[in-house]
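Please read the structure below before turning to the comments.
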Amino acid sequence: MHEEAVGNWIKGDENGAEMLERVLRERPFLILPPPLHRFPLRLGNIIEIVGPSSSAKTQILIQAAITCILPKEWKGVHYGGLERLVLYFDLDCRFDIQRLSESLNHHILQANGSVYDEELFLACMRRFLYVRCYNSIEFLATLKTLRYQLQKESNAHGFGAHFLMIDRCSSFLVGFIVIFSVLEKFDFDLSYILTVLMRIQLSLSMAC
């Protein structure tokens with residue numbers, strides 16, 4: 001009887017190919033625009049982008065966000081996106097939403113043969129969650145309630161946030177830096193994010 005139970009458990013298990021297919025489906029890579037395309041991201045990864053003003057840091061975030069909010073396929077057209085939520089923190093209140101919409105439209109038109117699809121455009125924009133913080137107190141207060149907000153948005157859309165992007169950390173920290181990290185569906189850890197921010201602040205302070 002015991003051997004039969006063990007045999008049934010083994011038969012019900014997945015093989016290596018099935019496991020790899022499931023992992024890649026549930027935790028897909030996100031390929032960033034060049035030159036960061038050499039480093040595909042997975043859940044739990046964190047990247048810091050450092051550079052002077054006007055060095056395309058925000059543009060890289062916008063391109064990564066578009067890849068995340070676009071669907072993989074829509075009405076028979078392949079877009080290669082992840083169809084997931086993006087949470088974008090704007091810490092200096094200078095984010096240009098028109099820049100995002102124009103880039104998104106460009107991707108859509110490029111993929112479907114220059115046919116404007118308003119339904120797809122609006123669906124993608126709804127996946128882009130924008131948060132503006134005017135000071136460090138607002139930023140920390142938002143982080144404190146973020147778990148509830150993410151769960152609320154996840155329930156509304158049927159899937160969770162895939163990226164947390166923090167643009168213009170130099171507004172509150174020393175130096176010029178942009179951070180974004182991949183989020184598990186409900187596995188948001190505030191203490192982890194704060195620890196990362198503290199480490200960044202420390203490293204930048206030591207570098208100055």
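The values are calculated or read from the model by the stated rules, or taken from the named source; none is laboratory data. Just so it is clear, the structure is predicted and the values come from calculations on it, not from any experiment. Neighbour counts run over all protein chains shown; Cβ positions are idealised from the backbone, glycine included. Only protein heavy atoms, including side chains, enter the accessible area calculation; ligands, DNA and RNA are left aside. Shrake-Rupley method; radii C 1.70, N 1.55, O 1.52, S 1.80 Å.
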Assess whether VAL86 counts as being at pLDDT 70 or above, over 25 Å from THR142 (Cβ atoms) and in contact with a helix residue (DSSP H, G or I) (Cβ under 6 Å, 6 or more places away or on another chain). no
Give me the pairs: first residue in the stretch 123-134 and open to solvent by 20 Å² or more (accessible area, probe 1.4 Å), second residue among the hydroxyl-bearing types (Ser, Thr, Tyr) and modelled with pLDDT of 90 or more, beta-carbon distance under 6 Å, and six or more apart or on different chains, which are they? TYR130/TYR88
For GLY81, only one of the following conditions fails: (1) at pLDDT 90 or above; (2) more than 29 Å from ALA141 (Cβ to Cβ). What is its number? (1)
